[in-house]
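Written out below as structure tokens is the structure these notes cover.
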Amino acid sequence: MSKAPRDVVTADQTRIILPWHIRAAQWVTGVASYKLLDYAFDYALYPWVIYKLGLVKGGFVMATLSLCICLLTLRVYDWLKRDWLGIELVKGLQNYDGTSRWRRALRWLLRRSDGVAFVALSLRFDPFITTAYLRRGSYNGLSPRDWRIFFGSVLLSNAAWALVCFGGVQALRRLW
């Protein structure tokens, strides 16, 4: 019986085992690409749309766009079956039992509850990250629970970010 190479994924695998240098390259590339899109969306497009359309219309437009982008990102993430952002690695830290203080502190936070994680992740990250982290399983599509998490995160994260952008736009308007 021949063995498949370590970087080839078979249909029944849910976790990919790759050499560390390939995983590191994937994470660097994935995080850099994701952050570039995220920063352009959050710090350029979002405030500009809020400035042009106002809080309600602009917030609705950006929430809709966020929903589409995050859903597409989830679909690509599932299709690739690769942990290009390190989300699955972070999920594994819930069971960490080593001596690293940083990892033990992160384990403590992640074990609190899904509700705490949902709010914290939704306010800090986008719905893609929140849903990918909180869903049960990996690369297996979205269950009804995952859809609730996704749509709830779209609402919470976009409401919070629209208010932040609106406050920033108003502050800049007062300065000029």
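Side notes on the structure shown:
- If you go through region 58-72 and keep only what is of a type in the set (S, T, N, Q) and more than 12 Å from the chain's Cα centre (by Cα), you end up with just T64.
- In region 79-101, residue modelled with the highest pLDDT [restricted to those that are farther than 14 Å from Y133 by Cα and of a type in the set (F, W, Y)]: W79
- For region 140-150, a tally of residues being surrounded by fewer than 19 Cβ atoms within 10 Å (Cβ to Cβ) and touching a residue at least 24 places away in the same chain (Cβ under 8 Å) returns 3.
- Residues that are surrounded by 11 or more Cβ atoms within 10 Å (Cβ to Cβ), hydroxyl-bearing (S, T, Y) and either at pLDDT below 80 or touching a Phe, Trp or Tyr at 6+ places or on another chain (Cβ under 6 Å) (or both) within region 1-46 comprise just one, T14.
To keep it simple, each residue is scored yes or no on (1) over 14 Å from D42 (Cα atoms); (2) touching a Leu at 6+ places or on another chain (Cβ under 7 Å); (3) surrounded by 17 or more Cβ atoms within 10 Å (Cβ to Cβ).
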{"position": "G115", "(1), (2), (3)": "yes, no, no"}
{"position": "A120", "(1), (2), (3)": "yes, no, no"}
{"position": "A132", "(1), (2), (3)": "yes, yes, yes"}
{"position": "L155", "(1), (2), (3)": "yes, no, no"}
{"position": "V164", "(1), (2), (3)": "no, no, no"}
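The values are calculated or read from the model by the stated rules, or taken from the named source; none is laboratory data. Please read all numbers here as calculations on a predicted model, not as lab measurements. Note that we place each Cβ from the backbone using ideal geometry, even for glycine, and neighbour counts take in every protein chain shown.
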